[in-house]
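S.K.: Can you read through this structure? Questions will come right after.
The values are calculated or read from the model by the stated rules, or taken from the named source; none is laboratory data. Everything quoted here is computed from the prediction, not taken from an experiment. Note that each Cβ is placed from the backbone with ideal geometry, even for glycine, and that neighbours are counted across all protein chains shown. Just so you know, the surface numbers come from the protein's heavy atoms only, side chains and all, with ligands and any DNA or RNA stripped out. Shrake-Rupley method; radii C 1.70, N 1.55, O 1.52, S 1.80 Å.
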Amino acid sequence: MTDLDLLTNDASEEPPLFGAPRFLSIELTNFLSYKHARLDLSDFTALVGPNASGKSNAVKAFRLLRDIPTYGLPVALARHGGYDQLRHRSNGRPNDPALRLTFAFDDASASFYELSLASVSGKRYKVKRERAEINYGSRGAKIYFDSDGHRVVSSERGEDSPGSVIPPGQSALTTGPLAAFVVYNALRSIQTIEINPALVGSLQEPSSTGEFDPAGSNTASVFESLSQDDRQAVAERLSAIVPGIVRIEPRSFTDQQTLAFIQSTGNGNREFLAKQMSDGTLRAFAIMLALTQDVRPRLIVIEEPEVAIHLGALQSLVEILQAESATTQVLITTHSADIIDEVPVESLRVVWSTDGRSYLAPVSEHTLEVLRSGMITPGALLRADALDPEPAS
Ligand SMILES: Nc1ncnc2c1ncn2[C@@H]1O[C@H](COP(=O)(O)OP(=O)(O)O)[C@@H](O)[C@H]1O
Ligand SMILES: [Mg+2]
């Protein structure tokens, strides 16, 4: 039986239709600057903290997870500098890293995916344990898989599978158990955004997949694959940030392509090619496009969305992200007091670093009370470096 049969062919039980997961939290253990931390996710979560405190390192955990189904574990690790670089170092001694992602389907209790790695010799790694438990339906049904890096065992509807063998260093996500398939899809619904405006602006090779590249190297192809309505939706959202944009159109030059931005000026419309647009416009455009692509991401992760976007436009960008967060969870890192004033205070996460270790916590209850009273805004506290995290219990 294929996974699809399992998804659809059961008449006796509630069919396990795995729709969109809601991401609940990520736990980082011995990962980059974190010894151990848990980041709880809401609809719109914002990480704030000084430079080098660990904001980007938390985001890297999502990138790594997203890269596993796309590239396989060995390449995913290599893309992040390799296993050895990812291990947390404090007092010079590196430790075995692990990530644990929790998420939920509808009203079912939380599901999780866990990946722990360990050193073999020198800088090489092995999968120490990789497992997932997926809870679904209203009657407490569950499936799981569990791998020790050599063999994966699984259970589906009370039927245990003796499991299959996994090549050394590989993830079990493509080995067949339904629970692995569900995790595979959940990780693929994470979209990280690392826009390089130069790539968005340059002539691009047509891409076959239509899947949004986080750096923005195939924005012309992705845009072209959209319906007319979705194209116009992207242009309208962008016009809230860059006034005057009326339309965006694909343009082809022999075997390369780019986009034309049609902008209204004092005397009629003018057309600008992507390379003529400002970095801020290209970044904002790419973010709007990522939100509108055919397969909608369920979690979108954006580092410092304020970069290259002027103050007046920033509020429009945050409003768009907020509206989107009803269907796509948003996680940002930011230094912008103007942005954090727009984010619910309960969704702010303070990141800080002490003695080479990163920590992460919600805003302290005491500070939340002050903020709720309206006497001061989160942005003002951020500027005063007085946004206190909840003390560890
Ligand atoms: N493997 C590691 N072990 C411990 N600390 C690390 C590791 N890799 C990077 N770091 C530390 O992480 C810090 C950078 O964190 P980062 O998340 O980029 O900060 P920011 O909050 O500015 O985004 C650096 O100070 C670096 O020393
Ligand atoms: Mg950073």
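S.K.: If a residue must be touching a His at 6+ places or on another chain (Cβ under 7 Å) and hydrophobic (A, V, I, L, M, F, W, C), how many such residues does the stretch 50-90 contain?
M.R.: Result for the stretch 50-90: 2.
S.K.: Also, quick follow-up: Restricting the stretch 60-72 to residues that are aliphatic (A, V, I, L, M) and either without any contact (Cβ under 8 Å) to a residue 24 or more places away in the chain or closer than 12 Å to Y184 by Cβ (or both), which is farthest from ligand 1 (Cβ to nearest atom)?
M.R.: If we take residues in the stretch 60-72 being aliphatic (A, V, I, L, M) and either without any contact (Cβ under 8 Å) to a residue 24 or more places away in the chain or closer than 12 Å to Y184 by Cβ (or both), then I68 is farthest from ligand 1 (Cβ to nearest atom).
S.K.: To continue, here is another question. Among (1) closer than 23 Å to I300 by Cβ; (2) touching a residue at least 60 places away in the same chain (Cβ under 8 Å); (3) within 15 Å of ligand 1 (Cβ to nearest atom), there is one condition L41 misses while meeting the rest; what is its number?
M.R.: Result: L41 passes all but (3).
S.K.: Run N57 past the list (1) touching a Ser or Thr at 6+ places or on another chain (Cβ under 7 Å); (2) more than 12 Å from ligand 1 (Cβ to nearest atom); (3) in a helix (DSSP H, G or I) and report the number of the one that doesn't hold.
M.R.: Tallying (1) touching a Ser or Thr at 6+ places or on another chain (Cβ under 7 Å); (2) more than 12 Å from ligand 1 (Cβ to nearest atom); (3) in a helix (DSSP H, G or I), N57 fails exactly one: (2).
S.K.: So is R298 among the basic types (K, R) and either touching a Ser or Thr at 6+ places or on another chain (Cβ under 8 Å) or crowded, with 16+ Cβ neighbours inside 10 Å (or both) or not?
M.R.: yes
S.K.: Can you confirm whether D160 is open to solvent by 10 Å² or more (accessible area, probe 1.4 Å), touching a residue at least 12 places away in the same chain (Cβ under 8 Å) and not polar (S, T, N, Q)?
M.R.: no
S.K.: Just to check your reading of the model, which residue among F62, F112, F105 is within 16 Å of ligand 2 (Cβ to nearest atom), crowded, with 16+ Cβ neighbours inside 10 Å and within 22 Å of F18 (Cα to Cα)?
M.R.: F62
S.K.: Same structure, new question: Is it the case, given these coordinates, that N185 is open to solvent by 60 Å² or more (accessible area, probe 1.4 Å) and under 22 Å from the mean Cα position of the chain (by Cα)? Reasoning before the result, please.
M.R.: Values: open to solvent by 60 Å² or more (accessible area, probe 1.4 Å): yes; under 22 Å from the mean Cα position of the chain (by Cα): yes.
It is true that N185 is open to solvent by 60 Å² or more (accessible area, probe 1.4 Å) and under 22 Å from the mean Cα position of the chain (by Cα).
S.K.: Based on this model, can you work out whether R139 counts as crowded, with 16+ Cβ neighbours inside 10 Å, of a type in the set (K, R) and over 17 Å from R100 (Cβ atoms)? Spell out how you get there, then give the answer.
M.R.: Working: crowded, with 16+ Cβ neighbours inside 10 Å: no; of a type in the set (K, R): yes; over 17 Å from R100 (Cβ atoms): yes.
For R139, the condition - crowded, with 16+ Cβ neighbours inside 10 Å, of a type in the set (K, R) and over 17 Å from R100 (Cβ atoms) - is not met.
S.K.: Go through L99, L28, L77 for me and flag whichever is of a type in the set (A, V, I, L, M) and either at pLDDT below 95 or within 16 Å of ligand 2 (Cβ to nearest atom) (or both).
M.R.: That would be L28, the only listed residue that is of a type in the set (A, V, I, L, M) and either at pLDDT below 95 or within 16 Å of ligand 2 (Cβ to nearest atom) (or both).
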